[in-house]
Every structure is written in C-alpha cells, then in structure tokens.
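**Q** Just dropping this structure here.
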Amino acid sequence: MTNAPRHVTGLLDMAPHADSRWVEDFVVEQRLLGVPGAQIGDALATVEEHLVATGEDVTEAFGPAKAYARELADSAPARPRGIPRRVMVSSAAGLLGLVLLPRAVAALLEGGSVEVRVGDLVALGLLAALMWGLFAFGTQVLRALVGSRRRVLLAALAPALLVAVMVGVFALLRAPLVSVPAWLVGGLGLLATGVATWLSAGDPIDLVESPDGRTLGTRRTARWTNLALFPVLTVLMCVLTWVTWASS
Amino acid sequence: MATEEVWPSDWLRGVLAVTVLAVLQRGAAHGYAIAAALSEAGLGTVKGGTLYPLLGRLETAGHLEAQWLPGDGGPGRKVYVLTDSGRRHLADQRDRWADFTTLTTALIEGETTGVRR
C-alpha cells in the first residue's frame, strides 16, 4: 500500500481486470443506494484482488454488477438515505440567487425597479414544486434517467424543456403585481447566493477512493466545482443580461 | 447461491457463515483463501458474489475485522481476522449446529428421540 494519495481518471483504473461496463454499472448502482465513495473503492479493490488471484471473469465470479452492488450494500452498516437537508437548502438558495440577481441587474441597467409579475410567482411555484419533486423522489428520478436508453437525450432535453416552460410563463403571464426596488432584489439575490456558497463549502466531498488513497478525480477539483457552481452560473446570467441590454 | 452443486444451495446458505468463521479461527485469511479452504473441505466453489457480501455482514455484526495489507502498485490484499465476538459466536453456533444435525439426522433416519434445548 502506498501512502501518497493519487488520483485516477477512470473507474476502470480502480479494477483494471474487470470489465468496464460491469464496473460502471456497479458504481452507479452503489451510488444510487447511497454507499459512501470509500466503501465503493474498497469493494472495487476487493474485486480486483479476487480477479487477479483467481483469474476468473468478473461476471463469472461476482454475477451481474447491479445485483452484486445491491447485495453488498445490504451487507454494509445502515446509512442515511436521501438527499441531506443541507444540500436541499443550499440548492434552493443558489437557485433563488440565480433568479433574483439577473432581474436586479436588468432593473439597475434600466434605471428602474423590479416589476414582479404573475408569471414570476407562477415560475417560482413551478421551481419550488420541481425542487420538492427532485428531493422527495431524487433516487427514483436518477434511477429512471440512468436506466433509460435515451438518458443522454433526456439529460439534454430536460433543461431545455424547463427553460421553454419558464419563458412561456414569463411571456404569457405579464400582469404586474408589485414593484420592488432593484437594490432590495439584488441584496436578497446576493444573500441567497452567499448562503448557497457558504453551505456548499461545508459539503463533504465523497469521491470513490481505493484503500491505498487513490481517488477518482481530485478533492480540490470536486470542492471548487461544488463551491463555484451557483456563483459562476449567476455571474454568467448577469453578464448575459448585460449583453442583452447593451445590444438592444 | 453461486456454488457448484456439490451440496444443495439451501443447505449451504444455512451453514456458510459458521464455516467461514471456522476457517478464520485457524488464522487470518484473504477472501479467496477462505473460498479455497471451503472448497478443499468439500463444500464446493463459493463464488466471490456470495462470499464477500457474507464477509461484509459478518464484519458489520462485529464478528470479524478486515484490513488491507500493502501490495506492489495497488491496495494490496484484504485480510479478514476473527474478533472475540466472532469466536464467541462461532462457539455458540458450533454447539447449536451439532444439536441441530443430531436432531435432523434422527428425524430423517426415523428415530423418535432427538436433542431438546
């Protein structure tokens, strides 16, 4: 066993004697079952050790990947299921900042205040319902996506469909309700983005990690990606708002 | 159960845990060494897909511990060691298994007396 932590770029590096599809199916199923990354890495190392020692084929020795993943998960200590509350709050706050800050920027550029319309409330309600659905049925949704043969198409179409629905709601339900100062909306947006970033900073980084400390990807990259996701998206939306205003 | 049909799989399912503990009582062993010992004892081939989840359950129950030993260019080998709890569990299961086999043998062979615990 080596002491220096290293990282690998592909799952198959964790169990090179196994079939790549088997390894992928095994890891996806274990992730869906909420198995921690270190346990997944331990299991892959055990598979590799066994295959090297016996010369057996991975399916011959361990059976179908998903069934083995489920059986192994059942044999491990009980673990919390579902999405942690901290991640829910962080995502909701990040999404709120993503909606509020570009609106504030648009209002500031126009020199006016933010007009809250019926469409805004409906869109907010739709987003809240969508988030509740994702958090309540996250595992089922992910399982359906991963299990679908058209998962790439679904992953590409789902955000496009969401944007289309939102644009439709904003365009059709334009009746004004109330006018809010841009600085207040901007302040709330900044606060929401700040809360999301602060909460994300405390998220545990759960990489697939082999017993000798090798990880799939680096902790540093994973932490920065997690931390920067909402701020970067929000800044991009604000820049897009400015570009749209400047070119109109 | 993924074993060659030396013995009915239902029988093996009931006795595999205690036989694994018995193998580990001889000393620490790797997973495939445990499988080899079971095979040499005449139980047939126990596949990795059956053995490692069982070892995981026994580890979760505190009957054994697992640790990785260094290897060349990789994690090395995972070695399983019987704990004190495992020794006590094995002793208890061994006594009960002896009673169980006496009772079932008497029943199958048509004898009227059996062991009462």
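**Q** Taking interchain pairs and intrachain pairs at least six residues apart, which have beta carbon atoms under 8 angstrom, with the first residue in the range A:208-229 and more than 14 Å from chain B (Cβ to nearest Cβ) and the second of a type in the set (Val, Ile, Thr) and assigned to a helix (DSSP H, G or I)?
**A** A:227/A:197
**Q** Does residue B:66 satisfy the criteria of being touching a helix residue (DSSP H, G or I) at 6+ places or on another chain (Cβ under 8 Å) and assigned to a helix (DSSP H, G or I)?
**A** no
**Q** Right, here's the next one. Is it the case that residue A:180 is without any contact (Cβ under 8 Å) to a residue 12 or more places away in the chain, more than 21 Å from residue A:31 (Cβ to Cβ) and surrounded by 13 or more Cβ atoms within 10 Å (Cβ to Cβ)?
**A** Taking the combined requirement at face value, the residue does not satisfy it.
**Q** Can you give me the number of residues within the range A:222-248 that are under 22 Å from residue A:35 (Cβ atoms) and not basic (Lys, Arg)?
**A** Qualifying residue count, the range A:222-248: 3.
**Q** What number of residues within the range A:189-221 satisfy the criterion of being assigned to a helix (DSSP H, G or I) and buried (at least 17 other Cβ atoms within 10 Å of the Cβ)?
**A** Total meeting the criteria: 8.
**Q** Looking at (1) free of Cβ contacts under 8 Å to residues at least 12 places away in the same chain; (2) under 16 Å from the mean Cα position of the chain (by Cα), can you tell me which one residue A:142 breaks?
**A** The failed condition is (1).
**Q** Let me spell it out: the conditions are (1) within 11 Å of another protein chain (Cβ to nearest Cβ); (2) under 22 Å from the mean Cα position of the chain (by Cα); (3) outside any helix (DSSP H, G or I), and residue A:80 meets all of them except one. Which number is the exception?
**A** (1)
**Q** Among the numbered conditions (1) within 12 Å of residue B:18 (Cα to Cα); (2) at pLDDT below 95, tell me where residue B:70 comes up short.
**A** (1)
**Q** For residues in the range B:66-108 being among the acidic types (Asp, Glu) and farther than 28 Å from residue A:7 by Cβ, which is surrounded by the fewest Cβ atoms within 10 Å (Cβ to Cβ)?
**A** Here the answer is B:84.
**Q** So how many residues does the range A:206-248 have that are closer than 30 Å to residue A:31 by Cα and of a type in the set (Ser, Thr, Tyr)?
**A** Total satisfying the criteria: 6.
**Q** Only one of these conditions is not met by residue B:98: (1) facing another protein chain (nearest Cβ under 10 Å); (2) modelled with pLDDT under 95; (3) in a helix (DSSP H, G or I). Which number is it?
**A** Every listed condition holds for residue B:98 apart from (1).
**Q** Identify, from the list A:106, A:67, the residue that is modelled with pLDDT of 90 or more, touching a Ser or Thr at 6+ places or on another chain (Cβ under 6 Å) and either within 12 Å of another protein chain (Cβ to nearest Cβ) or part of a helix (DSSP H, G or I) (or both).
**A** A:106
**Q** Still on this structure, please answer the following. Restricting to the range B:1-52, what's the tally of residues that are outside any helix (DSSP H, G or I), more than 14 Å from chain A (Cβ to nearest Cβ) and touching a residue at least 12 places away in the same chain (Cβ under 8 Å)?
**A** 5
The values are calculated or read from the model by the stated rules, or taken from the named source; none is laboratory data. The shown structure was predicted, so the numbers you read here are calculated from the model rather than taken from an experiment. Counting neighbours? That spans all protein chains shown, and the Cβs are built from the backbone with ideal geometry, glycine included.
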